[in-house]
1. GLY214 - would you say it is assigned to a loop (DSSP other than H, G, I, E, B) and out of contact with any Phe, Trp or Tyr (no Cβ under 9 Å at 6 or more places or on another chain)?
2. Please go through (1) closer than 25 Å to SER80 by Cβ; (2) touching a Gly at 6+ places or on another chain (Cβ under 9 Å); (3) touching a residue at least 60 places away in the same chain (Cβ under 8 Å) for ILE178 and return the number of the only condition it doesn't satisfy.
3. Can you confirm whether GLY63 is modelled with pLDDT of 95 or more, at positive phi and part of a strand (DSSP E or B)?
4. Can you tell me which of (1) at pLDDT below 95; (2) farther than 21 Å from ASP72 by Cα is the one GLU188 doesn't meet?
5. What is the number of the single condition among (1) at positive phi; (2) crowded, with 20+ Cβ neighbours inside 10 Å that GLY156 does not meet?
6. Would you check if there is a residue in segment 149-165 being aliphatic (A, V, I, L, M) and under 19 Å from the mean Cα position of the chain (by Cα)?
7. Exactly one condition in (1) outside any loop (DSSP other than H, G, I, E, B); (2) surrounded by fewer than 19 Cβ atoms within 10 Å (Cβ to Cβ) is not met by PRO128; state its number.
8. For segment 163-189, name all the residues that are closer than 15 Å to PHE145 by Cβ and in a helix (DSSP H, G or I).
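The values are calculated or read from the model by the stated rules, or taken from the named source; none is laboratory data. All figures in this text were calculated on a predicted structure; none of them were measured in a lab. In this analysis, Cβ positions are derived from the backbone assuming ideal geometry, glycine residues included, and neighbour counts consider all displayed protein chains.
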Amino acid sequence: MKKILFLLAITGITQVSMGQYGGPRAFRHGTRLGFTLNPMISVLKPQESGVNRNSAKAGLNFGLMADFNLNDRGTYALSSGFQVMLAGSKLQYDAGKGLSSYSGNTAEYNMKLTYIEIPVALKLKSVPMENDIVWWGQFGSYLDFPVSGRANVVSGSQSYDRVNILSDMNRINIGMLIGGGVEYPLGENLTGLVGVTYQNGFVDVTRNAKWNDGRVNMNNFALRLGIFF
């Protein structure tokens with residue numbers, strides 16, 4: 001229910017903003033395209049006893065970003081994109097937990113996960129300040145679709161490298177996205193972007209029927225870097 005209410009709130013905010021500034025015609029006021037490269041820290045967060053996080057993992061998010069301006073001044077925009085996310089974490093499972101092939105002993109899973117990501121957020125920007133610097137903040141959601149999942153597993157005294165766990169993962173992840181930062185001119189047609197973002201996943205990343213681990217959410221902290229053309 002919490003997830004449904006959150007999605008309805010995001011949809012409502014977006015529709016209100018579009019209605020306030022002219023509905024679909026507002027998109028004609030300008031579309032900005034760019035490329036983003038975001039170093040990040042990925043954390044898998046278990047919610048049940050018997051599963052513990054051993055460490056976070058450095059990751060990367062990169063791809064296309066787009067701002068669809070909703071008013072003439074460009075202070076409101078619908079922000080989206082099409083990106084690749086490299087994430088993961090280390091989890092320690094007690095005996096009886098985790099994948100059945102390795103659940104006879106305490107096991108450590110070093111997970112490396114790859115997702116296709118589509119963010120959707122309402123972006124608010126200040127009017128240009130000195131040196132044309134613009135402050136921005138955004139709030140929204142995202143959809144993640146796993147395309148690769150590997151794990152190095154240590155179970156008892158045995159090690160198993162690059163175990164394919166893609167079929168044991170949920171096929172979609174969704175969550176809350178918030179962030180903020182600055183934009184600044186790099187030339188006549190280029191704009192740089194710097195900021196920080198936080199993603200809080202709502203969906204169990206590992207399928208409980210396969211892992212017997214309750215719910216494991218994925219959270220990410222990223223340094224957002226980009227260029228609009």
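1. Yes: the conditions hold for GLY214.
2. With (1) closer than 25 Å to SER80 by Cβ; (2) touching a Gly at 6+ places or on another chain (Cβ under 9 Å); (3) touching a residue at least 60 places away in the same chain (Cβ under 8 Å) applied to ILE178, the lone miss is (3).
3. Working: modelled with pLDDT of 95 or more: yes; at positive phi: yes; part of a strand (DSSP E or B): yes.
Here the answer is yes, as GLY63 does meet what is asked.
4. With (1) at pLDDT below 95; (2) farther than 21 Å from ASP72 by Cα applied to GLU188, the lone miss is (2).
5. GLY156 satisfies every listed condition except (2).
6. No; the residues of segment 149-165 include none that is aliphatic (A, V, I, L, M) and under 19 Å from the mean Cα position of the chain (by Cα).
7. PRO128 satisfies every listed condition except (1).
8. Hits for segment 163-189 are LEU166, SER167.
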